[in-house]
Amino acid sequence: MLTGARRALKSGVGLGLRWEFLEEVLEAPVLEDVAFFEVSPENYMRRGGYYPAALERIGRNYPLVTHGLTLSIGAASPPDREYIAELANEVARLDAPWHSDHLAFTSGSGRAFHELLPLKFAVDTAKRVAARLEELAETLARPVAIENVTYYAHLGKAELSEGDFLHTLFEHTRAGFLLDVNNVYVNAQNHGQDARRVLESFPLERAVELHVAGHTRTPSGLILDTHGAPVVPEVLELLAFTLERTGPLPVLLERDNHVPELAVLLGEVRALRAVCDRAAAAHRLRQEGRRAVVA
């Protein structure tokens, strides 16, 4: 579980910071609807001048959470040491309360694949990733979290269900769980699963942040995790279902493609906040009901 995080986020709805509206955020008064911004540190590492300075200015008004894309924590080889050193400098510069990345591999044999490729659901894989997460937290000198990803096929025969794989992973690491609700929905739809049952099989008690995003359905019926559309009602319902069980958590709206005007995104943030508020009320009722039964 995440502990000791500076400027820790307990709840609220954040937004992924994108080039398309960076200037608008810089020029606008503080956006009360945005609880935090999430940034991909790879976009700012090894840069000087305007963009790192702009990010520091935004960080004076909003908490910044870093979310990486290229850690490749599940690859056969361990993460690149030079990359980790630069990452440590960047998350320290931004004073991120925690750093997260994906439960995937993005490289192999010295090549970058530019894709979040899924891992085999196996005990040895879970233990290997867990050990690397512990090392990463020590190097970054702050808590870390890991995100479930979409997968369109299994790499080899799965030894465990995804839920059992996650339970095994978190039994061997203190890292937090960044739960992407849209990814659960996409996988469930593509593989003929019940998304709510999948979620209930996950270690929800380890969740520290939630992601939601939009997706694209192809003519064949396959759903692609594109982050290029508004969040669909079914994912909002799944978000509420999750929060009713976890209690309030930070929720991030991701939009990477077909990014609309900032005003449109802020409207979506407000809609998400309403969902979170209703779920928080439902969570309180669940807790009161349990206390009444115990009493």
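For residues that are within 28 Å of Arg174 (Cβ to Cβ) and surrounded by 16 or more Cβ atoms within 10 Å (Cβ to Cβ), tally how many sit in segment 205-219.
Of the residues in that region, 8 qualify.
If you scan segment 18-52, which residues turn out to be of a type in the set (Phe, Trp, Tyr) and within 22 Å of the chain's Cα centre (by Cα)?
First, the residues of segment 18-52 that are of a type in the set (Phe, Trp, Tyr): 19, 21, 36-37, 44, 50-51.
The answer is Trp19, Phe21, Phe36, Phe37, Tyr44.
Residue-wise test of (1) within 25 Å of Val208 (Cβ to Cβ); (2) at pLDDT below 90.
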{"site": "Val34", "(1), (2)": "yes, no"}
{"site": "Phe37", "(1), (2)": "yes, no"}
{"site": "Pro63", "(1), (2)": "yes, no"}
{"site": "Thr66", "(1), (2)": "yes, no"}
{"site": "Thr70", "(1), (2)": "yes, yes"}
{"site": "Ala76", "(1), (2)": "no, yes"}
{"site": "Glu86", "(1), (2)": "yes, no"}
{"site": "Ser100", "(1), (2)": "yes, no"}
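Has segment 53-64 got at least one residue that is free of Cβ contacts under 8 Å to residues at least 24 places away in the same chain, within 17 Å of Asn43 (Cβ to Cβ) and over 18 Å from the mean Cα position of the chain (by Cα)?
The first filter runs over segment 53-64 and keeps only residues free of Cβ contacts under 8 Å to residues at least 24 places away in the same chain, leaving 53, 60.
Retained after the next criterion (residues that are within 17 Å of Asn43 (Cβ to Cβ)): 53.
Within this subset, residues satisfying the condition of being over 18 Å from the mean Cα position of the chain (by Cα) are 53.
Looking for residues that are free of Cβ contacts under 8 Å to residues at least 24 places away in the same chain, within 17 Å of Asn43 (Cβ to Cβ) and over 18 Å from the mean Cα position of the chain (by Cα), one finds at least one in segment 53-64, hence yes.
With the checklist (1) free of Cβ contacts under 8 Å to residues at least 40 places away in the same chain; (2) crowded, with 20+ Cβ neighbours inside 10 Å; (3) not small (Gly, Ala, Ser) in hand, flag the one item Glu115 doesn't pass.
Against the list (1) free of Cβ contacts under 8 Å to residues at least 40 places away in the same chain; (2) crowded, with 20+ Cβ neighbours inside 10 Å; (3) not small (Gly, Ala, Ser), Glu115 comes up short only on (2).
Name the pairs whose Cβ atoms lie under 7 Å apart, with the first residue in segment 264-289 and in contact (Cβ under 8 Å) with a residue 12 or more places away in the chain, the second acidic (Asp, Glu) and part of a helix (DSSP H, G or I), and 6 or more positions between them or separate chains?
Every condition considered, the pairs that remain are Ala279/Glu244; Ala282/Glu244; His283/Glu244; Arg286/Glu244.
Can you find, within segment 139-154, the residue that is surrounded by the fewest Cβ atoms within 10 Å (Cβ to Cβ) among those that are closer than 13 Å to Val91 by Cα and out of contact with any strand residue (DSSP E or B) (no Cβ under 6 Å at 6 or more places or on another chain)?
Applying the first criterion (closer than 13 Å to Val91 by Cα) to segment 139-154 yields 139-144.
Then drop every residue that is not out of contact with any strand residue (DSSP E or B) (no Cβ under 6 Å at 6 or more places or on another chain), which leaves 139, 141-143.
On the way: Thr139: 15, Ala141: 9, Arg142: 21, Pro143: 24.
Only one residue fits best here, namely Ala141.
Residues that are under 30 Å from Phe170 (Cβ atoms), at least 2 per element: which helices (runs of 4 or more DSSP H) completely within segment 1-103 meet that?
Values: elements: 19-27, 50-59, 81-93.
Hits in segment 1-103: 81-93.
Any residue in segment 20-32 that is within 11 Å of Ile58 (Cα to Cα) sitting within a Cβ distance under 6 Å of a residue that is not in a helix (DSSP H, G or I) and not β-branched (Val, Ile, Thr)? List the pairs, counting only those 6 or more apart or interchain.
Short answer, once both residue conditions are applied: Val30/Asn61.
The values are calculated or read from the model by the stated rules, or taken from the named source; none is laboratory data. Computed from a prediction, not measured in an experiment: that's the story for all the values here. Note: ideal-geometry Cβ built from the backbone for every residue, glycine included; neighbour counts use all protein chains shown.
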